[in-house]
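S.K.: Structure below; questions to follow.
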């Protein structure tokens, strides 16, 4: 887990309060929502949205460029 205190993605600098690049999933909780976001750099964030506002509670590193291809094999095979 990467620190979430900076207010921006530590990998590309995109502000946490800006519109997300892609919402991966959204789940209702007893107190609000948990939202999984993929940043433009590929980093995934977990955000909690409740009566206290929005907080990034966890974030990953960007995926390696060939991470999926390396597991699945070359395209077209």
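S.K.: Where residues in the stretch 22-49 are surrounded by fewer than 16 Cβ atoms within 10 Å (Cβ to Cβ) and outside any strand (DSSP E or B), which of them is modelled with the lowest pLDDT?
M.R.: Result: 40.
S.K.: Within the stretch 50-59, track down each residue that is in a strand (DSSP E or B) and either more than 23 Å from residue 12 (Cα to Cα) or modelled with pLDDT of 95 or more (or both).
M.R.: 50, 53
S.K.: Just one of 62, 74 is surrounded by 10 or more Cβ atoms within 10 Å (Cβ to Cβ) and either modelled with pLDDT of 90 or more or not in a strand (DSSP E or B) (or both); which is it?
M.R.: 62
S.K.: Determine which member of the set 53, 7 is loosely packed, with under 11 Cβ neighbours inside 10 Å, in contact with a strand residue (DSSP E or B) (Cβ under 7 Å, 6 or more places away or on another chain) and on the phi > 0 side of the Ramachandran plot.
M.R.: Every option except 7 fails the conditions.
The values are calculated or read from the model by the stated rules, or taken from the named source; none is laboratory data. Being a predicted model, the structure only gives us computed values, none of them experimental. Note that we place each Cβ from the backbone using ideal geometry, even for glycine, and neighbour counts take in every protein chain shown.
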